[in-house]
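J.: Just dropping this structure here.
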Amino acid sequence: MAWAFAATAQAADLPEGMSLADAPAWVAPVDTGSIEPGAPSGGLAYRVVDDQVSLRGPRPHEYRLLAYDVLDRTGLEDAGRLRIGFQPDFQRVQLHGLVVIRDGRRADRRATARVELLRLEQRANDGILDGWRTAEILIPDVKVGDRVELSFSTLGSNPVLGEHYHRSFSAAYSTATGLRRLRVLAGPAPLKWRRTGPVDYRERVSTDAGGQVLVLQARNLPAIEAEDGAPEWFDGYGALEVGTAPDWAAVARWAETLFRTPATSRARLAREADALGLAGKPAAEAVAKALAFVQGEVRYVSLSIGDSSHAPADPATTLDRRYGDCKDKSLLLVGLLDQAGIEAQPVLVNSTQGRRIADGLPGPNAFDHAIVRARVDGAWLYVDPTRNPELGDFDDRQPADFGQGLPVARGIADLEAFPAAPTAPAPAVEVLQAVSLHGDETPRQVDIRVDTQYRYGFAASNRDRFASEGASRVGRSYLEYMQGYYSGIELMADPVGKDSPDDNQFAVSEHYRTRLVADDAEPGQLGEFNLLMFQLRDWVPSARAATRRWPLRLPGPPRGVQEIRMTAEGGWDIQPEQLTVENAYFRFRRDVSAEGRVLTIRGEWERLAEHIPADDYAATREQLDQVRDLLEYPVYLGGGDADVPGPEISRSDLAWPGLSLMALAMLLGTLWFVRGQSAVAGVFFAPRRTMRRLVDDGSVPLAMLWLLGSAGLMLALTVTPELVAGARPDWGPVLFEALAEVPRFLVVAALLLLAFRVLGHRPGYRGLVIASAWGAIPMIALLLLALLAAGPLLSAVASTPASPSGDMGVVVANSLVALALLLGGLAWGVVATVAGLAEAARSSAGIAVLALVVTFAALFCVVIIAAIVYLLASGSLPGLS
């Protein structure tokens, strides 16, 4: 919660530090009426945002003009309000105009405006007080249709910043603007400037009697729409940065005058160093001991008011009051190490920009944090005294790596790069997730146990979290997280944290239980359960947008691992699998294996960069989606056994229907050319004439060959889906079922004989067998081609169906080709069979069709009667016993 203190005054009696004044003479006016406003936003249309700065007086003078039109009621809330932030200790505010233009008449509302002086300490809960005041100005009598012009000046800057001016202004906004201008009147010191962002600015530099005059101006600025997931350092709106420091050496000289330990503090530092026993210890041990004292015994509080915003407190003072900010704690640590004879220096860094600080202009405001480097074994060791107490050797800790910084010491002339952090030997986060079915009742319960090993900075942050929040509160937070993935999940006990301070590791154990609902339509089938690598998912950003204008941040540690082990009583029939997705920005590998009752899925994520540039986002988007898909592994549970979904379908699988259609074309083309010479070709293209010759010849051995072909087709239809799904067929029953096709066929031929005789025809049994066997040839050929066209989709009709995933367009295309071949084979087979039966019975085709219908109707009745007899015998029919 922010702290707020208010003082109320009328404009005629403004709070201290504020006054009324005309715009200074050096300001270049803007005719706001001549500027076309930008596109409306929130009921307002902005015409002008104008900043002008004069560095020619004893202190900086910053002038601002805002002009906008009030378009509708939604804009009134903001139209009559102005907020001005300033530091009363060294700044003054002048109100130049609160002008409302209505029907062409200008009315200045300064005399009737209400001013509330607020102290908003937004970061007070973080121990940071900055002393800024906010003047909240309420402008009366503002209506829809008015044009409002607000102008004011801020005079002065923090004296601790020295002689150099350094300031950054926004280059664009979330609302469109007609005119954006920055005008700077430089003094004796040469001016430097830099602009970033998506808006093109026109630069104009001139010289007058006072020195340089810089004007950066842009018209018709579009509204900048922010994009989620951008790195913290990225400013998508752009900046107009100006400064007068000639180089980083000048900034280093400024900082060196501030970070000096007074002679009066040395005795106090010596006593504390003696108490810590720093003298005579190896450098690494002395640094660790002094750092532990500053991190653990001096709490973090920042009173960044006045000089304290950049100048550290006397180390003796920091020791006495036992609190301080990054500057205070850094200078204290340097003083303690100096007493131990260890060379150490404060280092100014930017916690957000990191190494990109070198892209900006030199100046005191380039930095927002201070750390320390100490000479250990001939090399610089960088440490951060503001962190919570760190444990373990320095190699086991999170490196204090800010990319580049400015050491505070005599002779420093430029920023210095931090040494490259060594590759961590172990993952920063390693998760082992054990999943098992629990109990025999329905619905079945699922146990989920999660053991996480945290290292480096992650160990420190989780250690601190358990210490500050307690296991119960942490457990509630964990449960809310898991409920986002598993419906009805319960936390069986508070998580348990186990600390290993010697190697700076922290382990957390969690235990959850959820339930599976049995599928009533399929008794014994438990349904699908989704194994999810949730920890890795947190680090893989979603790539919903097709394109990006802003870079995409890659969060999380450089390396993390999650392994899932699921136990199923029936075991697993899964082939080992390794999949890798890799580019210049990240690498992901997933390994799947099964041994006995345990299925193991291991994912390893490596972040090779901090972000993906916007220009490369489109090229990597598909890979991000692929990784997020691979983080999920659904398994289908049934009767204690388990199987997995079908293979990933991609465009390359279009080769299967392509091959089948090519084979079909070659087959039909060949048969067409030999149709007068081959009985097989004749069955395809002249079935009735060919069947007459075959029946008359009476060759039973060839017919039996085609009967065996039908048995082979049954074998292929049964075995192929299982093999594609990665299962192992039970060959004994499968072969028996295929060979049983021959006697079934002979029984059907006998029933056909009876059907023809009922219909008044007397064919021979031998002729019916020959006709039926040869009639199956087109069906055998086209059904085999249908199997080829389906390819990996055959897993969907395995004994344990495995749903395909991936490119659904390819799935549909392959399915349609396979279905067309299947129906074509059945139709062609029926035509050939009817022709053969008609020749065998010396009947018409209609009589042959009727005989087929009668035969299959009789078979259907036999099956129904057999089922009823079985149910009567077993007492399974309702009401019967």
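The values are calculated or read from the model by the stated rules, or taken from the named source; none is laboratory data. These numbers were taken from a predicted model, which means no experiment stands behind them. All Cβ positions, even for glycine, are placed from backbone atoms using ideal geometry, and neighbour counts span all protein chains on display. When the accessible area is computed, the model is the full protein with side chains, heavy atoms only, and any ligands, DNA or RNA have been set aside. Shrake-Rupley method; radii C 1.70, N 1.55, O 1.52, S 1.80 Å.
J.: Cβ-Cβ below 6 Å, separation at least six or inter-chain, first residue in region 572-589 and under 20 Å from Tyr636 (Cα atoms), second hydroxyl-bearing (Ser, Thr, Tyr) and part of a strand (DSSP E or B): which pairs?
T.: Pro576/Ser593
J.: Based on this model, can you work out whether Asp573 counts as in contact with an Asp or Glu (Cβ under 9 Å, 6 or more places away or on another chain), of a type in the set (D, E, K, R) and at pLDDT below 95?
T.: yes
J.: Out of everything in region 729-765 that is modelled with pLDDT under 75 and charged (D, E, K, R), what residue ends up being nearest to Ala840 (Cα to Cα)?
T.: Restricting to residues being modelled with pLDDT under 75 and charged (D, E, K, R), the top hit is Arg744.
J.: Let me ask something additional. Test Pro778 against the stated conditions and say whether it is at pLDDT below 80, surrounded by fewer than 23 Cβ atoms within 10 Å (Cβ to Cβ), of a type outside the set (D, E, K, R) and out of contact with any Cys (no Cβ under 6 Å at 6 or more places or on another chain).
T.: Criteria not met by Pro778.
J.: Regarding Ala379, is this residue of a type in the set (A, V, I, L, M) and closer than 30 Å to Arg194 by Cα?
T.: Against the criterion (of a type in the set (A, V, I, L, M) and closer than 30 Å to Arg194 by Cα), Ala379 does not qualify.
J.: What number of residues within region 34-88 satisfy the criterion of being assigned to a strand (DSSP E or B), open to solvent by less than 60 Å² (accessible area, probe 1.4 Å) and either without any contact (Cβ under 8 Å) to a residue 60 or more places away in the chain or not aromatic (Phe, Trp, Tyr) (or both)? Don't jump to the end; show me each part of the working.
T.: Step one: filter region 34-88 for residues assigned to a strand (DSSP E or B), giving 41, 44-54, 61-70, 81-86.
After this cut, where a residue has to be open to solvent by less than 60 Å² (accessible area, probe 1.4 Å) as well, the list is 41, 44-54, 61-63, 65-70, 82, 84-86.
Filter again for either without any contact (Cβ under 8 Å) to a residue 60 or more places away in the chain or not aromatic (Phe, Trp, Tyr) (or both), leaving 41, 44-45, 47-54, 61-62, 65-67, 69-70, 82, 84-85.
Of the residues in that region, 21 qualify.
J.: Could you tell me how many of the residues in region 532-554 are over 13 Å from the mean Cα position of the chain (by Cα), of a type in the set (A, V, I, L, M) and farther than 24 Å from Gln433 by Cα?
T.: Of the residues in that region, 1 qualify.
J.: Regarding region 471-492, can at least one residue be identified that is modelled with pLDDT under 90, more than 25 Å from Phe259 (Cβ to Cβ), loosely packed, with under 13 Cβ neighbours inside 10 Å and in contact with a Lys or Arg (Cβ under 8 Å, 6 or more places away or on another chain)?
T.: Yes, region 471-492 has at least one match.
J.: Now, a different point. Hey, any hits in region 304-315 for a residue that's in contact with a helix residue (DSSP H, G or I) (Cβ under 9 Å, 6 or more places away or on another chain), under 19 Å from Ala379 (Cα atoms) and not aliphatic (A, V, I, L, M)?
T.: no
J.: Turning to a different aspect of this structure: Has region 852-866 got any residue that is touching a helix residue (DSSP H, G or I) at 6+ places or on another chain (Cβ under 6 Å) and modelled with pLDDT under 75?
T.: No; the residues of region 852-866 include none that is touching a helix residue (DSSP H, G or I) at 6+ places or on another chain (Cβ under 6 Å) and modelled with pLDDT under 75.
J.: Failed condition for Val581, given (1) in a strand (DSSP E or B); (2) out of contact with any helix residue (DSSP H, G or I) (no Cβ under 6 Å at 6 or more places or on another chain), with all others met?
T.: With (1) in a strand (DSSP E or B); (2) out of contact with any helix residue (DSSP H, G or I) (no Cβ under 6 Å at 6 or more places or on another chain) applied to Val581, the lone miss is (2).
J.: When only residues in region 792-851 that are of a type in the set (D, E, K, R) and at pLDDT 75 or above count, which is surrounded by the fewest Cβ atoms within 10 Å (Cβ to Cβ)?
T.: Among them, the one singled out is Arg842.
J.: Looking at region 673-685, is at least one residue in contact (Cβ under 8 Å) with a residue 60 or more places away in the chain and open to solvent by 50 Å² or more (accessible area, probe 1.4 Å)?
T.: Among the residues of region 673-685, not one is in contact (Cβ under 8 Å) with a residue 60 or more places away in the chain and open to solvent by 50 Å² or more (accessible area, probe 1.4 Å), which makes the answer no.
J.: Look through region 256-272, keep the residues that are under 30 Å from Leu361 (Cα atoms) and of a type outside the set (Phe, Trp, Tyr), and return whichever of them is most open to solvent (accessible area, probe 1.4 Å).
T.: Looking at residues that are under 30 Å from Leu361 (Cα atoms) and of a type outside the set (Phe, Trp, Tyr), I get Arg260.
J.: Being of a type in the set (A, V, I, L, M, F, W, C), farther than 22 Å from Leu182 by Cβ and modelled with pLDDT of 90 or more is true for just one of Ile84, Ile101. Which residue is that?
T.: Ile101
J.: What residue, among those in region 592-619 that are without any contact (Cβ under 8 Å) to a residue 60 or more places away in the chain and part of a helix (DSSP H, G or I), is surrounded by the fewest Cβ atoms within 10 Å (Cβ to Cβ)?
T.: Asp615
J.: Further question on the same structure: Please tell me if Glu136 is surrounded by fewer than 19 Cβ atoms within 10 Å (Cβ to Cβ), at pLDDT 90 or above and of a type in the set (D, E, K, R).
T.: In short, yes.
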